[in-house]
Amino acid sequence: MSSLSPSQRQSLERVVLDAPAIGSLASAFAAAGHELHLVGGSVRDALIGRLGNDLDFTTDARPDAIERLLRTVTRATWDMGREFGTIGGRVREADGREWIVEITTYRADAYDPASRKPLVAFGDVLVDDLKRRDFRVNAMALSVVTGAFTDPFDGLADLENRVIRTPASAELSFGDDPLRMMRAARFVSQLGFVADPAVVTAMREMARRLSIISAERVRDELSKLMLSASPWPGLDLLVDTGLAELVLPEVAALRAEVDEHKRHKNIYLHTLTVLDNVITLERERGHGPDLIVRMAALLHDIGKPRTKRFEAGGVTFHHHDVVGAKMAKKRLTELRFSSDEIKSICLLIELHLRFHGYAEADWSDSAVRRYVRDAGPELERLHILTRADCTTRNVRKAHRLRTAYEQLEFRIDALAEAEELDAMRPDLDGVAIMGLLGIGPGPVVGEAYRFLLERRLDEGPLGEERAREELLAWWASRPS
């Protein structure tokens, strides 16, 4: 059994020593005869130096008592799931710092194998609660009342060895809550840990159990994995264990498709390389982790298996961008992503090949304007995805593509500065169109508006006078 080093103990105790409000909370529980332990991810994160302002606690007190004691230090409390024993609150320090706390009654959960929800039974023993936790690195606790550190399953050793193991058998743990298999993959990516062979075996054998979990919970775990510093290892684990067959079968299917450009063993490896490139470009261009562009990178080539054709010149995947966007919409809808997220991700997939026309020919200003118009608010994300999709090992070709895209971005910036490209509106609005043509609201106003927009895309800003002339000429030429 591993023991805390002096620096590790100091890291844990700092939660109380440097947070008088948490110390007051501990005193309130102690005065009422209850235990209170910092637990789970909060202990793990404190030990590796990444503790945030969200703190998880566990106690022998029942929910009503938790709420009453929490209100002795803050009025900002809320019910996070009383039936599951969890009460939340916001605790403020005198210096203005805030902690978001979740306090949960010891659990002795019993799970119905056919149900998506656990049958909750409250417990009285800390070790029993820790045994029900997902992984050993999350089954450690520090009493903020006595300072005692509890680690019955050697989670500290797992933390030091960077391995994911379960307190009970992996089969029992995943049988209790199959979503823990997704969480294992997320921790592999998020923490840089390796899943123990017994965990991997259980994931492989029990993958189908994930089907009883709600799409929303699966989506949330997938999103956290995708927003981690390195999604590749976690995605690999999902694919290798068969979990991806239930979550993202289109991505798993890419392993069977040979990369037509022979840059990678298969399209799946190309996809993960593009995702890695996106993460690098996010950082280089000053952006934080972006779920939209990362999901677009993961799904950008899923249309290739359906569009694969053998032609004289080799294998082709014509229109895989359009097909892939439709497939992505279906999959993301099933995973309960929001309509705005789906719209943005699918637009990026649909447009990710557009740049290659620019690289192979000299686009007119009109074509550049249309590129910007079609991308709309997703233009920066499209820049990132398109650049990331260049994974060729041919140094000369890579340089040519990179230079071409830099030129395209330069032209976009230049046109934007000269023409207010972001607005991309006709020189006359709907009211002006109706006044000039002497018509009321109706479909014709839309036709006129689209005509002027096309002229704007072709020529740039026309100016109000020229726009009036061209609109009147268009109006005169329309069939009566």
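The values are calculated or read from the model by the stated rules, or taken from the named source; none is laboratory data. The shown structure was predicted, so the numbers you read here are calculated from the model rather than taken from an experiment. Cβ coordinates were reconstructed from backbone atoms using ideal geometry, including for glycine residues, and neighbour counts include every protein chain displayed. Please note that ligands, DNA and RNA were not included when accessible areas were found on the heavy atoms of the full protein model with its side chains. Shrake-Rupley method; radii C 1.70, N 1.55, O 1.52, S 1.80 Å.
Values as computed for the structure displayed
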{"item": "Qualifying residue in region 394-412 (condition: part of a helix (DSSP H, G or I), of a type in the set (F, W, Y) and loosely packed, with under 14 Cβ neighbours inside 10 Å)", "result": "yes"}
{"item": "Residue identified as among the small types (G, A, S) and within 30 Å of A31 (Cβ to Cβ) among A148, A157", "result": "A148"}
{"item": "Any helices (runs of 4 or more DSSP H) falling wholly within region 140-258 and containing at least 3 residues that are farther than 30 Å from H287 by Cβ and out of contact with any strand residue (DSSP E or B) (no Cβ under 6 Å at 6 or more places or on another chain)", "result": "155-161, 170-176, 197-206"}
{"item": "Flag for V194 being modelled with pLDDT of 95 or more and open to solvent by 10 Å² or more (accessible area, probe 1.4 Å)", "result": "yes"}
{"item": "Of residues in region 368-393 being over 18 Å from M295 (Cα atoms), charged (D, E, K, R) and in a helix (DSSP H, G or I), the one most open to solvent (accessible area, probe 1.4 Å)", "result": "R373"}
{"item": "Total residues in region 413-428, condition at pLDDT 75 or above and open to solvent by 100 Å² or more (accessible area, probe 1.4 Å)", "result": "0"}
{"item": "Some residue of region 429-448 being in contact with a His (Cβ under 8 Å, 6 or more places away or on another chain) and at pLDDT below 80", "result": "no"}
{"item": "When residues of region 81-103 are limited to those that are in contact with a strand residue (DSSP E or B) (Cβ under 8 Å, 6 or more places away or on another chain) and more than 20 Å from G23 (Cβ to Cβ), the one least open to solvent (accessible area, probe 1.4 Å)", "result": "G85"}
{"item": "Exclusive hit being at pLDDT below 90 and of a type in the set (D, E), set D321, D340, D362", "result": "D362"}
{"item": "Among (1) at negative phi; (2) in contact (Cβ under 8 Å) with a residue 40 or more places away in the chain, the one test that L332 misses", "result": "(2)"}
{"item": "Listing of strands (runs of 3 or more DSSP E) fully contained in region 1-97 that carry 1 or more residues being among the acidic types (D, E)", "result": "54-59, 77-81"}
